[in-house]
1. Failed condition for residue 178, given (1) within 23 Å of residue 214 (Cα to Cα); (2) at pLDDT 90 or above; (3) assigned to a loop (DSSP other than H, G, I, E, B), with all others met?
2. Is it the case that residue 150 is in a loop (DSSP other than H, G, I, E, B), in the same structural domain as residue 187 (by TED's automatic domain parsing) and free of Cβ contacts under 8 Å to residues at least 40 places away in the same chain?
3. Any residue at all in region 123-146 that is of a type in the set (D, E, K, R), touching a residue at least 24 places away in the same chain (Cβ under 8 Å), outside any helix (DSSP H, G or I) and closer than 26 Å to residue 63 by Cβ?
Amino acid sequence: MASTQFSSDMLTPTIIANSAGWMMGGLTFPTILRISQSYVFYPLGFDTSTRFKASSCGFLAVLIGGSVSSLLAIELRNRVILELDSDTSVLPSYSFKNRKSTDKLLLCGMLSTVMFRLFGGRFINIIPSNVATRGAYANIMQSLPASSSKYATANERKLITKLGQAYGCHTCGAKSGSTIFHADHQPPNAHKWFWQTQRFYAQCQNCSGKQGASIGSKTVRSITHFNFRMYLVWMPIPLFLEAASEYDA
């Protein structure tokens, strides 16, 4: 088959269309993850208290979010090109009844998942935090061994404050809005078995208060959270793949 020829006159519509698609994907991806957390996982009671289930749910959210964002981005791109360039042949529209379209969307979802991980995201980051356990942002590399089950020493508090300012609260992820980060025992003393060792994680004052109330009343409390991280940026790889496929059409 003859390759599709792109004239210089089509360059501007293509740039505009790809920019519009990138904006669509960039807005849709974090929005879907936010909605999944607040209106799916939170009502269903999924939180960080069960780490494997939480990570599995987070993986599905990222995969679906990446697929849907790619679909909307590509559809918008193609529609903009058709509107701006009357000489362009009809571009493909995606249908879930079409096996080729479904496979391409799954590929786009997997690529979004890979980029999510490459930018430092962990699937559990998408899940509500249980205030009495390690939160969605807890990372053992960003914690300290607890010297005792009592309060942290002055030096430990100083180190925890630096960790909190650099990486945020392990429960809600907030880096600003709190000048003081508490050294949070994990697991908490009230939930610790005799063979378990404890570590200190940085926790903001707001989450520390919620944790104290939850443990004191012996009730399970989860919180939703959303803070900008680089892994929430949707990369336009599906748009590049779509453009490349047109040359072979």
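1. Tallying (1) within 23 Å of residue 214 (Cα to Cα); (2) at pLDDT 90 or above; (3) assigned to a loop (DSSP other than H, G, I, E, B), residue 178 fails exactly one: (2).
2. Values: in a loop (DSSP other than H, G, I, E, B): yes; in the same structural domain as residue 187 (by TED's automatic domain parsing): yes; free of Cβ contacts under 8 Å to residues at least 40 places away in the same chain: yes.
Yes; evaluated as a whole, the condition is true for this residue.
3. Step one: of region 123-146, the residues of a type in the set (D, E, K, R) are 134.
Imposing the further condition that a residue be touching a residue at least 24 places away in the same chain (Cβ under 8 Å) reduces the set to 134.
Among the residues that remain, those that are also outside any helix (DSSP H, G or I) are: 134.
If we keep only those that are closer than 26 Å to residue 63 by Cβ too, we end up with 134.
The answer is yes, given that some residue of region 123-146 is of a type in the set (D, E, K, R), touching a residue at least 24 places away in the same chain (Cβ under 8 Å), outside any helix (DSSP H, G or I) and closer than 26 Å to residue 63 by Cβ.
The values are calculated or read from the model by the stated rules, or taken from the named source; none is laboratory data. Nothing here was measured: the structure is a model prediction, and the numbers come from that model. In this analysis, Cβ positions are derived from the backbone assuming ideal geometry, glycine residues included, and neighbour counts consider all displayed protein chains.
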